[in-house]
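Only one structure is covered here, and it is reproduced in the block below.
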Amino acid sequence: MERILKSIGRMIAVYLALLGSILSAAETSRRPNILVIVADDLGYADLGYQGGADIPTPHIDSIAACGARFTNGYVSGPYCSPTRAGLLTGRYQQRFGHEFNPGPDGPAAVGVTEKGLPLSETTIANRFKDAGYVTGIVGKWHLGSSPKFHPQNRGFDEFFGFLGGAHTYFNKETATILRGKEKHSEPSYLTDAFGREAVSFVDRHQKQPFFLYLAFNAVHTPLEADDERLNRFAAIHEDQRKTYAAMLSAMDDAVGNVLKKLRESQLEGNTLIFFISDNGGPTMRGTTINGSINTPLRGSKRTTLEGGVRVPFAIQWKGHIAAGTVFNRPVIQLDIQPTALAAAGVEIRPDWKFDGVNLLPFITGLKTGTPHETLYWRLGEQNAIRHGDWKLVQYDLNVERSPTTGVSQKKLYHLSKDIGESQDLAAEYPDKVKELEALWQSWKSELAKPLW
Ligand code: CA
């Protein structure tokens, strides 16, 4: 009798162990990996899927083709660091004073001795780490270069890349690339190196859900490309555009290598992939002009016109988002964090104070309506608000190569009829101007003073 009971006990134990491993496998398979790919200073018109004709980008295009592309995708900042602060926190960066790039120039506010993403803010990496994910960043950080702001002190388990806002692509001698906190001498073209490191991250973490932030510095200046890629664009005769094309092509190759690795590791179906640019193409004087094109948008990086803040924006999650989805209502990079956390089954708490929302139910049609009735921008004296199809904006006059500096008068545009912001309707619709102005003022009253 005792033997029978013992053997039943053993069978139950084996059964429970089996059940446990099945459950944990199911649990694991339910929790998707997250890959956030950010391009730097990419023009609105330059990807194949955005209508570009002279630079093939089949791999980036495949993200849009296999998932959803967003025709009204925005970022909350018209240049690098503020956009990244918004992306990593899911909050308008002006709420915590991260309105401008933390460059070495310019005074900081009283009490601010080092510039970087304020330590009061929790990052997407912190949250995924708390949820049991392994977290990594490959590429450009640009959220503070002193030790307390280092990515590995902001929720990332692994870091390969550089801390500043721009970097040479041929790095043999300069050695400001870090692996973790150690200096690393990189022999490869930097975009190739970032692709290689992202592939390696996926390879090393196949068995555990991961969050990978792949932040290319391509196609930000300096304009540097390798001969093999330059040779692909013999048909482009203008030097700047040719080099830009080669740099973008290198980034597309790197994205292709990461996608291939996911496929080969049978992780593609269980990986939620985002692709955005951190701001529009720099085309006006005073910006890091790189040969990018923003048509049909008007404006440039560093402006609150559409050319500064409307960007290529695509999401792929096979089996969850139908291939070829086109989403036309406004979304913003602040949505990436809540979307990714929701996909991972993390409950979003009201005290996190996200400005972004989970996009998945909108993309799949579970929720009707629009993720954002209103979106807001401020960069110093420049500002903008989009409410429905209406936009009220004051932008940097440099964009018009005007001899006057400063910002424009308040202009009112109807974006669905006038994506190129060419027809100012402010005089015709004074009540609309008042309505949008009041909404923007109300948002502004919640903001902090810029920290630097
Ligand atoms: Ca940028």
Q | Looking only at the stretch 134-152, and only at residues there that are hydroxyl-bearing (Ser, Thr, Tyr) and surrounded by fewer than 23 Cβ atoms within 10 Å (Cβ to Cβ), the one that is nearest to the chain's Cα centre (by Cα) | A | SER145
Q.
When you scan the stretch 268-275, do you find a residue that is more than 30 Å from ILE34 (Cβ to Cβ), in contact (Cβ under 8 Å) with a residue 40 or more places away in the chain and touching a Ser or Thr at 6+ places or on another chain (Cβ under 8 Å), even just one?
A. no
Q: State yes or no: is THR405 over 25 Å from ASP40 (Cβ atoms) and of a type in the set (S, T, N, Q)?
A: yes
Q. Would you pick out the residues in the stretch 153-167 that are touching a residue at least 24 places away in the same chain (Cβ under 8 Å), away from the ligand (no atom under 16 Å from the Cβ) and surrounded by fewer than 23 Cβ atoms within 10 Å (Cβ to Cβ)?
A. GLY155, ASP157, GLU158, PHE160
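Could you tell me whether PHE194 is surrounded by 24 or more Cβ atoms within 10 Å (Cβ to Cβ), more than 30 Å from TYR395 (Cα to Cα) and within 16 Å of the ligand (Cβ to nearest atom)?
On the way: surrounded by 24 or more Cβ atoms within 10 Å (Cβ to Cβ): yes; more than 30 Å from TYR395 (Cα to Cα): yes; within 16 Å of the ligand (Cβ to nearest atom): yes.
Spelling it out, PHE194 is indeed surrounded by 24 or more Cβ atoms within 10 Å (Cβ to Cβ), more than 30 Å from TYR395 (Cα to Cα) and within 16 Å of the ligand (Cβ to nearest atom).
Which one of these is among the charged types (D, E, K, R), buried (at least 19 other Cβ atoms within 10 Å of the Cβ) and at pLDDT 95 or above: ASP418, ASP396, ASP424, ASP389? Please lay out each step first, then the result.
On the way: ASP418 fails: buried (at least 19 other Cβ atoms within 10 Å of the Cβ); ASP424 fails: buried (at least 19 other Cβ atoms within 10 Å of the Cβ); ASP389 fails: buried (at least 19 other Cβ atoms within 10 Å of the Cβ).
Selected residue: ASP396, the only one of ASP418, ASP396, ASP424, ASP389 that is among the charged types (D, E, K, R), buried (at least 19 other Cβ atoms within 10 Å of the Cβ) and at pLDDT 95 or above.
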Q. Of these, ALA198, ALA235, ALA193, which one is assigned by TED's automatic domain parsing to the domain that holds ARG84, of a type outside the set (Lys, Arg), modelled with pLDDT of 95 or more and in contact with a helix residue (DSSP H, G or I) (Cβ under 6 Å, 6 or more places away or on another chain)?
A. ALA198
Q: Being under 30 Å from GLN208 (Cα atoms) and among the small types (Gly, Ala, Ser) is the filter here, so list the residues in the stretch 270-298 that pass it.
A: SER277
Q.
Here is a check on your reading of the model: is ALA343 in contact (Cβ under 8 Å) with a residue 24 or more places away in the chain, out of contact with any Gly (no Cβ under 7 Å at 6 or more places or on another chain), hydrophobic (A, V, I, L, M, F, W, C) and not assigned by TED's automatic domain parsing to the domain that holds SER422?
A. yes
Q. When you go through (1) under 19 Å from the mean Cα position of the chain (by Cα); (2) farther than 30 Å from ASP418 by Cα one by one for VAL346, which number turns out not to apply?
A. (1)
Q | Qualifying positions in the stretch 399-409 - surrounded by 17 or more Cβ atoms within 10 Å (Cβ to Cβ) and either closer than 17 Å to ARG386 by Cβ or touching a residue at least 40 places away in the same chain (Cβ under 8 Å) (or both) | A | VAL399, SER408
Q: Would you check which residues across the stretch 27-72 are in a strand (DSSP E or B) and either within 16 Å of the ligand (Cβ to nearest atom) or closer than 23 Å to THR283 by Cα (or both) and list them?
A: VAL36, ILE37, VAL38, ALA39, PHE70
Q.
The conditions are (1) more than 16 Å from the ligand (Cβ to nearest atom); (2) outside any helix (DSSP H, G or I), and PRO78 fails exactly one of them. Which is it?
A. (1)
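The values are calculated or read from the model by the stated rules, or taken from the named source; none is laboratory data. What you are looking at is a predicted structure, and each value in this text was computed from that prediction instead of being measured. Positions of Cβ are generated from backbone atoms using ideal geometry, with glycine treated the same way; all protein chains shown enter the neighbour counts.
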